[in-house]
Amino acid sequence: MTVYSDKAAELSRTPCSLMKMTLDYCANTFGSAPCTATGEECYNTFPTCKDTANYVLTTKDYKFTSSKAPLPFDGVRPYLKDVDYMATEIKDDNKLKYARVKAILLDEPDTDVGIDPYLSSRASVQGSYWKKHLARNPNYKGREVRFSDGFDGLAEVDFVEKFVGKLENIKILKNGEMQVEAVDLMKVLSKTDIPQKVNIELNADIDAVVTDIILKSLDGLDQPAGYVKIEDELIAYSAVNVTTNEITGCTRGWNSTTKATHDADTKVEKVAYFAQDSGYEHMQTILSLAGIDNAYVNTTAFDGLKTYPVTDINREAVITTPTKANVLYFELVDEHDCKSWVNEDLEITIEKNIQNLPGRTFHTFTDEAGIVLDSGKVDLNDSSRISRITVYWNKSSLGKVDDSDSYNRIDQFIDADAEGVNEYNGEQEKVFYSRWLNEGLDTEENLNNYILANFSRQLFRLRDAQTKYTFKAEIKDQEVKTGDFAKITTNDMQEIDGNPVTERIFQIIRREPGDDEIDLKVIAMPKKRIAFFAPAGTPDYSSASGAEREYGFFSGADEKMPAGDQGYYFY
C-alpha cells in the first residue's frame, strides 16, 4: 500500500484534506429494548431522543473531505472547501496562545444516507446537510474534531493527522457555507472547574464531634472517600452510604481548620486535595480531571522531568473554591520554570526552561543556510525582563490564593545590579502565590535550599529581556518543532563588536508551516550556560565536542571561555 511519504514524492498527485467530527450518538435501536420510545423515530442523538431515561451514550464519526478532490474512500462527504490553521504560541509567562483551526464547508440538499439510521422508514427527506446536522446535534461544542492531510488514492489510515482538538463553534455564513471553529486540546482546561461545583446541603443540624453526616444528596462528591467544606470547617470522609446519603468515618477540623456546629440546610462544598507528590504527577492528574485522554499526553516528557538533574520538591494543595484547571496547571508549569504545549505529534508535552542540557541536540540556522533573506524581525521584548521575584508560600487552608495575608512564609530574590542606576534603574517584579509549596513537604533545610535554587535560577534566566526573533525558515528545516532549541547565527542581531550573533541559543515558541517556507518565532535563552557535572574522561573545553560543552567548564576571570564565548553559571 502506498503511504503518505511515497505519494507526496510523486510528480502527479491530488492533495486531499480530511475533517472528522466525533459526536454523541445513542447505542440503542429505536423502539427495541431498552428503548421504550414509540411513534416517529428519533435520529439517535440526545436532543432528538424520546426516551432519555434509557439513552446509552456512544459516539459516531462524521467525515468530510476536500471539495475539489475525488472521494478518497467510502463514508465521506466532499464538503471541505478550505482549512486555515493557526499555530500554538508559547507566551512569556509560560502560558499559551492556543492553536486553532477554521474550516469552511459547503452545504447542499442531502438524502441522509449514512446519517439517519431509520431512513428507509421515513416518508420523505428534505433539507440541506448542515442545517439538519445542527438541528439534530446542537450539543456539538466540546466534542472532538481531527484534521488530516493526504492524497487521492491513499487509505484513510495513511492520512497524516495535523490537528486534534475540540469543536468550539459552527456558523452558517451569508453565502450558505458553514464555518467550523476548533481549538486545541489544552483549551478544555479553561472550561473545567477543580473541584467541580455541587449543589448539596446538610440534611440536619450537626455538632462538632459527629463523624457520620447525612446530606441531602451525594451528587458530585468523590466516592468512596473525599473532602468537603462546611462553612469554615474542612472535613475528610473515608466512606459513603448511598442509601442514606451519608458521608462516614469523618475527620472533623481536617487540615488545621476548626471543628464547629452547623445548621441544617447549610451549604456543603466539594474540596479537591492534591496529596504530596511530584508536581509533574499533579499536572497529569489535572489533565485527566479535565477529561483529556492519556493517549494525548507525552508521559515520557513528564516522567523525565521527575528525574531531572535538579530534583524538584514534591507539591501538595487543598483547593476549597472551584478553580479553572488551566489556572492550577499553569501555576505548576510556571513554578517549575517549564513550558507546556500541544506539540506537532499532537501530544501535550513539557520542557524545562534551561538553555543547555547534556544530551540535547540543536537545530542550526544561519543567514547563509536556513534563514530566508530579509525575513527576520527582532523584538527586544523589554517587558519580559524581571529584576526581582517574590514567593509567598505555606498558605492557610481557607485563605485566598492572591492575598499575601493568606501565607505565613515569604522569600524574595533581587538582582540589585539589574535594578541599579548603571543598568535598568528600576524594578520589574514577578510574584508567585504558591498554594503548592507548604511546610512539611520536606525538611526545613531542603525546602529553603530548593526555593533558593529554583527561584534564583528563574531570576538569572529572566534578569535580561528575552529577545524574540521571527523569521522564515527554508522548507528543508521542516522537521523542527515547537519547543525545540536552535543555535542561530544572523546579522539581524549583532554583538557589541558589530559582528553577527553567533550560535546564540533560542527556543522555538511558534511554528507555522507554509507551502514553501516555515514561519518561526523563537525566544532567546540566557547567554551564560548552566554547569552540569561532566563524566570522567570528558576532554578540556578546547577539545570538547558541542555535545560535551553542554556540561560545565571553568571560564577565565572575565567569565568567558577561550574563544570569547560566554561561560557557565553553577548552582
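The values are calculated or read from the model by the stated rules, or taken from the named source; none is laboratory data. Predicted model only: the values in this text are computed from it and were never measured. Here Cβ is always computed from backbone atoms with ideal geometry, including for glycine, and neighbour counts include all displayed protein chains. These area figures cover heavy atoms from the full protein model, side chains too; ligands, DNA and RNA do not enter into them. Shrake-Rupley method; radii C 1.70, N 1.55, O 1.52, S 1.80 Å.
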request  = Return only the number of the condition from (1) in a helix (DSSP H, G or I); (2) at pLDDT below 95; (3) within 28 Å of S406 (Cα to Cα) that I313 does not satisfy.
outcome  = (1)
query = On the given criteria, is D24 farther than 30 Å from K468 by Cα and surrounded by fewer than 16 Cβ atoms within 10 Å (Cβ to Cβ)?
reply = no
message = Checking K395 against (1) under 26 Å from K91 (Cα atoms); (2) surrounded by 16 or more Cβ atoms within 10 Å (Cβ to Cβ); (3) at pLDDT 95 or above, only one condition comes out false. Which one?
response = (1)
note = Over the range 208-240, the set of residues farther than 20 Å from Q196 by Cβ, over 34 Å from the mean Cα position of the chain (by Cα) and part of a loop (DSSP other than H, G, I, E, B) is A208, V209, V210, T211, D212
ask   = When you scan the range 523-571, how many residues do you find that are open to solvent by less than 30 Å² (accessible area, probe 1.4 Å) and either in a loop (DSSP other than H, G, I, E, B) or farther than 25 Å from Q494 by Cα (or both)?
value = 9
task = Considering only the range 491-509, state which residues are open to solvent by less than 10 Å² (accessible area, probe 1.4 Å) and under 32 Å from the mean Cα position of the chain (by Cα).
result = F506, Q507, I508, I509
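To keep it simple, each residue is scored yes or no on (1) of a type outside the set (S, T, Y); (2) closer than 25 Å to D382 by Cβ.
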position: I488; (1), (2): yes, yes
position: N499; (1), (2): yes, yes
position: R510; (1), (2): yes, yes
position: I518; (1), (2): yes, no
position: A534; (1), (2): yes, no
position: T538; (1), (2): no, no
position: D558; (1), (2): yes, no
position: P562; (1), (2): yes, no
ask   = Which condition does D92 not pass, out of (1) closer than 23 Å to K166 by Cβ; (2) touching a helix residue (DSSP H, G or I) at 6+ places or on another chain (Cβ under 7 Å), if it passes all the others?
value = (1)
Inter-residue pairs, beta-carbon under 8 Å, first on the phi > 0 side of the Ramachandran plot and in the range 50-78, second open to solvent by less than 70 Å² (accessible area, probe 1.4 Å), 6+ apart = G75/K63; G75/G114
Of the criteria (1) loosely packed, with under 15 Cβ neighbours inside 10 Å; (2) modelled with pLDDT under 95, which one N353 fails = (1)
ask   = Which of the following residues is part of a loop (DSSP other than H, G, I, E, B) and either under 20 Å from F64 (Cα atoms) or open to solvent by less than 60 Å² (accessible area, probe 1.4 Å) (or both): D93, D116, D84, D149?
value = D116
